[in-house]
Amino acid sequence: MGPDLEPSDQPALAYEQVSRRYGGVSALDAVSLTVAPGSFVALVGKSGSGKSSLLRLPNRLDTPDEGRVLVAGQDVAHVDPIRLRRGIGYVFQNIGLFPHMSVAENIGIVPRIDDRPAVDVTAALERVGLTPDLANRLPAQLSGGQQQRVGIARALAAEAKLLLMDEPFGALDPVTRDTLGRTVRKLHDDLGLTTILVTHDMAEALLLADRILVMSQGRIVADAGPSDMLAGRAGPEADALVAIPREQARRLHELAP
Amino acid sequence: MHGWGRPSKQLAGFAPPGTTPNPSSEEQGLVKEAFSQLPPLIGSHVLLASAAMGLALLIGLPLGLLSARRPRLAAVAVGFAGLVQTIPGLALLALFYPLLLAISALIGGGVPALGFLPALLALTLYALLPILRNVIAGLQGIDPAVLQAANAVGMTPRQRLRLVEAPLAAPVAMAGIRTAAVWTIGTATLATTVGYPTLGNPIFAGLQIERWDLVLAGCVAAAGLALVTDFLLGLIERGIGRRNRRLTIVGSALLALGLVAAGLPALRPTERTITVGAKNFSEQYILSRLIGARLERAGYHVAYREGLGSAVAFRALASGDIDVYVEYSGTLWAGAMARSDTPSRAAMLEGIARWMATGPKTVLIGPLGFENAYALAVRPGSGFSSIADLASRAPKLTLGADLEFLDRPEWHAIRDAYDLRFAATRAYSPTFMYRALRSGQADVISAFSSDGRIAADHLIVLADPKQAVPHYDAILLASPTHANDARFLAALRPLVNRISVEDMRSANYSVDRDAAKTTPATAARWLDKRVRSRTEPSP
């Protein structure tokens, strides 16, 4: 198995002075961060603020130029990336299901490549709100929301305790976004996960997360809980982002008869 | 090699249409033979095409994999394969001949420059482009998100290749493999030109003798082969594309079955072609056809090499270039054995058998039963009955001889024994020699005792009281490879001691006479009947 990700006195995830540059452009600038086990953290920021870059480091899809990344206290640079990845759930915006594999095969891929017993596909489907009759369908035969539910089921099938989600609802319609967000929050609570959710939607972050990080130009410029964020105690960048949903809510309220 | 490997030689023995008594029946036999050759040709065709495809896949798949991630390598590899594609197939095959010769010379020989190897290499290069191009396109066409997901779930590079990249690139790659297979099967017909038997054999042979049905047979067979292969590869392609494992398995199984079925006749130990030799006169042509017909009845493929010089024939036999021919005991005795004595028939045959066993290892199957001795003959009424009578009158006479006689030890023996000094000696081809005697241009000729024209022209064969000329029993000889070939020897032994000199003269005359000539093949058939009537026990 990969690193022990059970809740402990160790942070589930820690960044120490992490920098990453792409061709001279700084994507991450000496970021330090610790995430406590069991927390639901939202990373918010504009495109290019560095939030996705931050998410790609814990499972070594990318490597920092400087600094260390620790998962459950272990420096990931010293962990075999294959083992590391099989122990961390990862969900993409563009879903990334294997188009030639059935829903059941997609969900069971990590145990399969890891020579572990097959997963209970029915339970995995029901956990993400899908009916078991979808097991033999191909991804192309599912709706976008159903596909992303399969993507989440796949990420959790290997009993990962750390779930990294890179704008998982970005391509979905608002109704699906909302219900899928609730599903993820429930899974987080039920399974005792540590979840990092990258999103550019502050409302989503405020509704789902325990802790919201605002990123700008490769730095974390705000770090607060939802209520502090809404109360304007998280700094100007956070206020600017919070202002948008607040303004939308105000206008919706005015429109109401 | 199958009979079609040397179409020109095989056809050389047949007279051009119009001059033989019944050309159509002989040609029909030829066409029938051509169609009967198709199954083994399909087998060797499939063998070559599948070997080339196998080698091209062995090179193209890994090269395509490497190239898909290295744009510079991809440019070089596809560029090279594309360049090869611009070379006409025939030229590519032709270029491998000097190339392989040079390589063979460089490493001290042993590399065949003709046949399977150059054909395999040329076809492999030809098949490379579509395979390479489609493997690269198939791999590059995979959604990057899918590859990222494969990494994120913790696949090793090998797992990613096996579980994700290969199945996703397979439909596109299979389309390239299909194209390559169809090209290879078509282009393989050209391998005929470098001496490998394919369905190109009837096509090229048909072009040579203007038999369009042969050309069509080769084309239809090759096209059919390509269509069936394309269909089966298409099944596999659809099976992979639709994730229909049963379709893939059915396609693969049928393809494998077809390969085995087509390959079986090629893998079965094939009869190599038996080459029957003949010297350059009618009796030899007739006997070679007689021998050939018997071997064909015994199931052999037969080719003929005719018009051999006397000395060349035995050397060709000893080296295995020809498998069987009819020699004359005296020719061997005085020639290859360099003996100057003239023992009895039996002693000479025994001596020849002993000499062969210790020396050239060729096989004396046995005497045919007649002699074709060198003799001197004169016109009726010239007053001579013996060579001894000639000696005093020779300085006023002209000797007409066949093209070899004056250089032969027999002539030297006769000349020295009887002290013959002719006024002039002239060499003719046998037919013209008899005409020269008839017309008076020659007074004495070197006749052959089995020659039908001796009886027809009422010639006087001069006696040899000093026994200067050895016996010339017609003897059937086989090359060393057939020393213990029971089946081969059994097919020819019935000829031993079955041909009388009268029958041979009749057969010879039917071919040599000026009017109503028959072909050597027809004469051989008549002679064969005579032989069989003698072989069967009388009631």
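Worth a mention:
- The residue of the stretch B:422-458 that is nearest to the chain's Cα centre (by Cα), among those that are farther than 26 Å from B:S392 by Cα and buried (at least 18 other Cβ atoms within 10 Å of the Cβ), is B:P430.
- Residue check, B:K361 without any contact (Cβ under 8 Å) to a residue 40 or more places away in the chain and not small (G, A, S): no
Each row is one residue, and each column tells you yes or no for (1) modelled with pLDDT of 65 or more; (2) more than 20 Å from B:A217 (Cβ to Cβ).
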residue	(1), (2)
B:S25	no, no
B:A49	yes, no
B:S67	yes, yes
B:A75	yes, yes
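- Subset of the stretch A:90-112 that is buried (at least 22 other Cβ atoms within 10 Å of the Cβ) and not in a loop (DSSP other than H, G, I, E, B) - its residue that is farthest from the other protein chains (Cβ to nearest Cβ): A:V103
- Residue match in the stretch B:517-525 (condition: at pLDDT 85 or above, within 24 Å of B:A427 (Cα to Cα), open to solvent by 40 Å² or more (accessible area, probe 1.4 Å) and basic (K, R)): no
- Output for the stretch B:66-80, where each listed residue is open to solvent by 50 Å² or more (accessible area, probe 1.4 Å) and assigned to a helix (DSSP H, G or I): B:L66, B:R69, B:P71, B:R72, B:L73, B:A75, B:V76, B:F80
- Selected residue (only one of B:A149, B:A173, B:A169 is within 14 Å of another protein chain (Cβ to nearest Cβ), open to solvent by less than 40 Å² (accessible area, probe 1.4 Å), free of Cβ contacts under 8 Å to residues at least 12 places away in the same chain and of a type in the set (G, A, S)): B:A149
- Whether a residue is open to solvent by 10 Å² or more (accessible area, probe 1.4 Å), more than 11 Å from every other protein chain (Cβ to nearest Cβ) and within 19 Å of B:L38 (Cβ to Cβ) was assessed, and B:L190 passes this test.
- Out of A:L207, A:L164, sole residue that is modelled with pLDDT of 90 or more and open to solvent by less than 20 Å² (accessible area, probe 1.4 Å): A:L164
- Residue count for the stretch A:214-257, restricted to those that are buried (at least 19 other Cβ atoms within 10 Å of the Cβ) and of a type in the set (V, I, T): 3.
- Of the strands (runs of 3 or more DSSP E) lying entirely inside the stretch A:158-257, those containing at least 1 residues that are hydrophobic (A, V, I, L, M, F, W, C) and touching a Phe, Trp or Tyr at 6+ places or on another chain (Cβ under 6 Å) span A:162-166.
- For first residues located in the stretch A:43-68 and within 17 Å of A:A238 (Cβ to Cβ), partners that are open to solvent by 70 Å² or more (accessible area, probe 1.4 Å) and part of a strand (DSSP E or B) and lie 6+ apart or on another chain with Cβ distances below 9 Å form the pairs A:S49/A:R219; A:G50/A:R219.
- Number of positions in the stretch B:401-458 that are among the charged types (D, E, K, R), in a strand (DSSP E or B) and more than 16 Å from B:A334 (Cβ to Cβ): 1
- Among the conditions (1) touching an Asp or Glu at 6+ places or on another chain (Cβ under 9 Å); (2) within 11 Å of another protein chain (Cβ to nearest Cβ); (3) more than 15 Å from B:V146 (Cβ to Cβ), A:R127 misses just one, which is (2).
- Entry remark, the stretch A:52-85: residues being at the interface with another protein chain (Cβ under 8 Å from one of its Cβ atoms) and either in contact with a strand residue (DSSP E or B) (Cβ under 9 Å, 6 or more places away or on another chain) or open to solvent by less than 20 Å² (accessible area, probe 1.4 Å) (or both) number 3 in total.
- Only one of the numbered conditions (1) of a type outside the set (D, E); (2) open to solvent by less than 30 Å² (accessible area, probe 1.4 Å); (3) at pLDDT below 80 is not met by B:A278, and that is (3).
The values are calculated or read from the model by the stated rules, or taken from the named source; none is laboratory data. Predicted model, so just to flag it, every value in this text is computed and none were measured. As a convention, Cβ positions derive from the backbone with ideal geometry for all residues, glycine included, and neighbour counts pool all protein chains shown. The accessibility values were calculated without ligands, DNA or RNA, using every heavy atom of the protein model including side chains. Shrake-Rupley method; radii C 1.70, N 1.55, O 1.52, S 1.80 Å.
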